[in-house]
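S.K.: The structure follows.
The values are calculated or read from the model by the stated rules, or taken from the named source; none is laboratory data. For clarity, every value in this text was computed on a predicted model and none was experimentally measured. Note that each Cβ is placed from the backbone with ideal geometry, even for glycine, and that neighbours are counted across all protein chains shown. We work out accessible area using only protein heavy atoms, side chains counted, and drop any ligands, DNA or RNA first. Shrake-Rupley method; radii C 1.70, N 1.55, O 1.52, S 1.80 Å.
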Amino acid sequence: MRLILLGPPGAGKGTQAQRIVETHGIPQLSTGDMLRAAVKAGTEVGVRAKAVMDAGGLVSDDIVNQIVAERVLDADCAKGFILDGYPRTVPQAKALTDNLKSKNLALDAVIELKVDEDKLLQRIEKRVADTVAAGGAVRADDNPESFRKRLVEYREKTAPLSEYYADEGQLKVLDGMKPIDDVTAAINAILVKS
Ligand code: AMP
């Protein structure tokens, strides 16, 4: 099963992806996580990406396309994967389609979590509070200023993906404001059919 989760920052993509990992046994490929790991490890990609990420901007298509193209070749992706935070631009979506086609593969589903943008800042604040309470490290871009920039990037560059995948006949839209368990149930209902 090859699946994309779409939605603005704070929509719950990461939370839902983790649940799908558990129930379906396929890995979550989060370009954000991969880039944060590269920043932490101080790789060339990490050094190039850090300032853009901290400010809430988008890392170049070339960098993320390459990261994903390499990652999907790993053995744990043989049965499929959930893409979380990728693609984020129409050129990335086209690159993904070409990449999968070259391997005779295709996506099974594209699920968009629709959310009330006014509530997103509160969700991010809660994520920060929960992380601090659990003794974890807060993301450098989980602050109001970077968050606003991430939302602008989403509206300008990522929201057009809904139309792209709707045109491809692959888009399913869910209410991401429902309780977490309800969203999970709705996702599973889609996955059973695909
Ligand atoms: P995320 O964890 O998905 O919220 O991503 C955190 C940050 O990593 C984003 O704000 C971007 O700076 C960068 N990033 C993650 N995925 C992508 C992508 N597909 N394209 C460009 N930048 C990305």
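S.K.: Of the conditions (1) more than 13 Å from the ligand (Cβ to nearest atom); (2) within 15 Å of S162 (Cα to Cα), G85 fails just one. Which one is it?
M.R.: (1)
S.K.: For the stretch 1-34, give me each residue that is assigned to a helix (DSSP H, G or I), open to solvent by 10 Å² or more (accessible area, probe 1.4 Å) and within 12 Å of the ligand (Cβ to nearest atom).
M.R.: K13, G14, G32, D33, M34
S.K.: Next question, about the same structure. Kindly check whether there is at least one residue in the stretch 168-179 that is surrounded by 14 or more Cβ atoms within 10 Å (Cβ to Cβ), over 17 Å from R19 (Cβ atoms) and within 14 Å of the ligand (Cβ to nearest atom).
M.R.: No, because not a single residue in the stretch 168-179 is surrounded by 14 or more Cβ atoms within 10 Å (Cβ to Cβ), over 17 Å from R19 (Cβ atoms) and within 14 Å of the ligand (Cβ to nearest atom).
S.K.: Continuing with this model, one more query. Show the residue pairs meeting these rules: Cβ distance below 7 Å; 6+ apart or different chains; first residue within the stretch 116-131 and farther than 17 Å from P179 by Cα; second residue not in a helix (DSSP H, G or I).
M.R.: V128/V138; V128/D142; T131/V138
S.K.: Hey, another quick one. Quick one: is G42 at pLDDT 95 or above and surrounded by fewer than 16 Cβ atoms within 10 Å (Cβ to Cβ)? If you could, list the steps in order and put the result at the bottom.
M.R.: Numbers: at pLDDT 95 or above: yes; surrounded by fewer than 16 Cβ atoms within 10 Å (Cβ to Cβ): yes.
Taking the combined requirement at face value, the residue satisfies it.
S.K.: Within the group R148, R139, which residue is under 18 Å from the mean Cα position of the chain (by Cα), in a helix (DSSP H, G or I) and among the charged types (D, E, K, R)?
M.R.: R148
S.K.: Sticking with this structure for a sec: If we keep just the residues of the stretch 54-65 that are under 14 Å from Y86 (Cβ atoms) and part of a helix (DSSP H, G or I), which is most open to solvent (accessible area, probe 1.4 Å)? Give the derivation first.
M.R.: Our first condition is that a residue be under 14 Å from Y86 (Cβ atoms); within the stretch 54-65, this holds for 58-65.
Retained after the next criterion (residues that are part of a helix (DSSP H, G or I)): 61-65.
Details: D61: 44, D62: 118, I63: 20, V64: 8, N65: 33 Å².
Result: D62.
S.K.: Just the residues that are away from the ligand (no atom under 15 Å from the Cβ) and under 19 Å from G7 (Cβ atoms), please, taken from the stretch 118-129.
M.R.: Here is the first cut: in the stretch 118-129, the ones away from the ligand (no atom under 15 Å from the Cβ) are 118-119, 122, 125-126, 129.
Across the stretch 118-129, the qualifying residues are D118, K119, Q122, E125, K126.
S.K.: Something else about it: Before we move on, is L121 modelled with pLDDT of 95 or more and either in a helix (DSSP H, G or I) or crowded, with 16+ Cβ neighbours inside 10 Å (or both)?
M.R.: Values: modelled with pLDDT of 95 or more: no; either in a helix (DSSP H, G or I) or crowded, with 16+ Cβ neighbours inside 10 Å (or both): yes.
No, not satisfied.
S.K.: Confirm whether E153 is open to solvent by 80 Å² or more (accessible area, probe 1.4 Å) and under 23 Å from A37 (Cα atoms). Quick ask: steps written out before the conclusion?
M.R.: Details: open to solvent by 80 Å² or more (accessible area, probe 1.4 Å): no; under 23 Å from A37 (Cα atoms): yes.
Against the criterion (open to solvent by 80 Å² or more (accessible area, probe 1.4 Å) and under 23 Å from A37 (Cα atoms)), E153 does not qualify.
S.K.: For the stretch 66-114: of the residues being among the charged types (D, E, K, R) and closer than 23 Å to V192 by Cα, which is surrounded by the most Cβ atoms within 10 Å (Cβ to Cβ)? Lay out the reasoning, then the answer.
M.R.: The first filter runs over the stretch 66-114 and keeps only residues among the charged types (D, E, K, R), leaving 70-71, 74, 76, 79, 84, 88, 94, 98, 101, 103, 108, 112, 114.
Next, only the ones that are closer than 23 Å to V192 by Cα stay: 76, 79, 84, 108, 112, 114.
Working: D76: 13, K79: 12, D84: 24, D108: 15, E112: 22, K114: 15.
Per the stated criteria, the residue is D84.
S.K.: Sticking with this structure for a sec: Mind listing just one residue for me: the one in the stretch 99-113 that is of a type in the set (D, E, K, R) and under 27 Å from V183 (Cα atoms) and, of those, modelled with the highest pLDDT? Lay out the reasoning, then the answer.
M.R.: Initial filter on the stretch 99-113 (of a type in the set (D, E, K, R)): 101, 103, 108, 112.
Now drop any that are not under 27 Å from V183 (Cα atoms), which leaves 108, 112.
Numbers: D108: 94, E112: 97.
So, considering only residues that are of a type in the set (D, E, K, R) and under 27 Å from V183 (Cα atoms), the one modelled with the highest pLDDT is E112.
S.K.: For D61, only one of the following conditions fails: (1) within 14 Å of the ligand (Cβ to nearest atom); (2) over 15 Å from the mean Cα position of the chain (by Cα); (3) free of Cβ contacts under 8 Å to residues at least 40 places away in the same chain. What is its number?
M.R.: That leaves (2) as the condition not met.
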